[in-house]
Amino acid sequence: MSTPRLGTIEASEGLLTDLYIDLRTKVNFWSSVTKQTPQARMGYVGQHLVSVVTGFPGGRSGARGYDLVLPDGKHAEIKTCSRVDQLGSCASCSAGVSSIESSCPVCASTEVNRKDDSKWLISIKDVKELRDCFKPEHYYLVLFDYKDLDSAADIQARIWRVSSMSIGFVYCMIDYYFNIKKNAPFNLWPDSLKFHLMRPELIYSAEIAITGTIKTHLFPKVRGTVTDPILPDLSSFASTRSENLPSESVKKIAIDLGVRTTSTDRRDLLIDLESSRKKGTFSEIELVDTFIRGMYWPRIKTHKALLP
């Protein structure tokens, strides 16, 4: 077998076959015997995958070194989130149901609540670690999840790249440390407003069929095009926790963007903003920057000395 070459689709699909599909098949088999979780340590698989996709090597020292070594003495951090093989629960009796089980092992019900609440974790224990989190050139965020959670069959593997100098990232980390942290890592949820305000670039996307075949849809400079990130429909964030995005902040965002609205209800305000967005009243960059200022600045302005 010839040595795979970094930065090629062939290497990425070979790696997913060896370290993800084959490993997951074996772990699932033993899980059916032992009744233990079918989760494997996907964090390291994510690191291997990012190296293959970007063409950059790791630092060879696991958790104590650089996840990704870039040219000119720079480095990047890799975070992996696997929403595959999470333990679900029976809708009838609440018993635990493994991802490899199609029915409840206790009552045989086929009504299963599948879980998909895993997230990326960023640990910041003190001010030094807060400053350090701005040192990587980029954060590569790897996500394994089901294409359709209900069927729990085909899997998506995706990688986003976030600049550590993205205002959305910097403001979010400072806000987390001073206003949210309770001796726990920061939870970065895929598809959350905070995630999208970091302007993540989707640089890689592949689909792993239940049969084990791989279809690569996006690969840097080889297949597909990395496009500028945009926010999803703004009304989809109406359920965002109110302390993160209170109605008065959304009202101020609307005013700053020149949107005429008489509403004070957060959902209605977001709908009005989305309507103006579709009319081209403001650019996507203006929208993101205004959201970042409105959401974070009142909470972090007393800590502006920590801005990198």
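If you fit an axis through the alpha-carbon atoms of helix 284-300 and take the longest principal axis of the Cα set of the chain, what angle between them do you get, 0 to 90°, nearest 10?
The angle comes out near 80 degrees.
At q = 0.15, 0.16, 0.22 Å⁻¹, what log₁₀ I(q)/I(0) does the range 231-308 have when each alpha carbon counts as one equal point scatterer in the Debye sum?
With no solvent term, the Cα-only Debye profile gives -0.50, -0.56, -1.00.
Give me the net charge of Gly168's neighbourhood, meaning all other residues with Cβ under 12 Å from the Cβ of Gly168; Lys, Arg count +1, Asp, Glu -1.
Net charge around Gly168: +1.
Classify the range 155-197: rounded, prolate or oblate, from the alpha-carbon gyration tensor (a ≥ b ≥ c, eigenvalue square roots; a/c under 1.5 rounded; otherwise prolate if a/b is larger than b/c)?
oblate
For Lys279, give me every one of the lysines with a C-alpha distance below 24 angstrom, ignoring sequence neighbours fewer than eight places off in its own chain.
Reachable lysines: Lys251, Lys252.
Sticking to Cα atoms, compute the Rg of the range 184-233 to one decimal and its Dmax as the biggest Cα-Cα distance, whole number, in Å.
Using the Cα atoms of the range 184-233, the pair Rg, Dmax is 14.0, 39 Å.
Given H placed 1.01 Å from N in the peptide plane, which residues other than close sequence neighbours of Ile78 have an amide H under 5 Å from its amide H?
So Ile78 has HN proximity to Asp67, Tyr140.
Which of these, Lys128, Lys181, Lys115, has the largest mean-square fluctuation under a Gaussian network model of the chain (Cα springs below 10 Å)?
Among Lys128, Lys181, Lys115, the largest GNM mean-square fluctuation belongs to Lys128.
Express as a percent, rounded to the nearest 5, the fraction of DSSP beta bridges in the chain (both residues included) that run antiparallel.
80
Tell me the Rg and the Dmax, in Å, that the Cα atoms of the chain produce.
Considering the chain through its Cα atoms, Rg and Dmax are 21.2, 67 Å.
Bin all alpha-carbon pair distances of the range 239-281 at 5 Å intervals from 0 and give each bin's fraction as a whole percent.
Here the calculated profile for the range 239-281 is 5, 26, 35, 21, 11, 1.
Under 5 Å between amide hydrogens, which residues at least 5 positions from His217 or on another chain qualify, with H placed 1.01 Å from N in the peptide plane?
The list, which skips near neighbours in sequence, is Ser205, Ala206, Glu207.
Pick from Pro232, Pro298, Pro71 the residue whose mean-square fluctuation is largest in a GNM of the chain, springs joining Cα atoms under 10 Å.
Highest fluctuation among the options: Pro71.
Using 18 Å as the Cα-Cα cut-off, could you pick out the over-long pairs in Lys79/Lys194; Lys125/Lys182; Lys26/Lys147; Lys119/Lys181?
Violating the 18 Å limit, Cα to Cα: Lys26/Lys147.
All of the numbers you see were taken from the coordinates with simple rules; none came from a lab. Here the structure is a predicted model, which means the values were calculated and not measured. Heads up, the Cβs are rebuilt from the backbone with ideal geometry, glycines too, and the neighbour counts pull from every protein chain shown.
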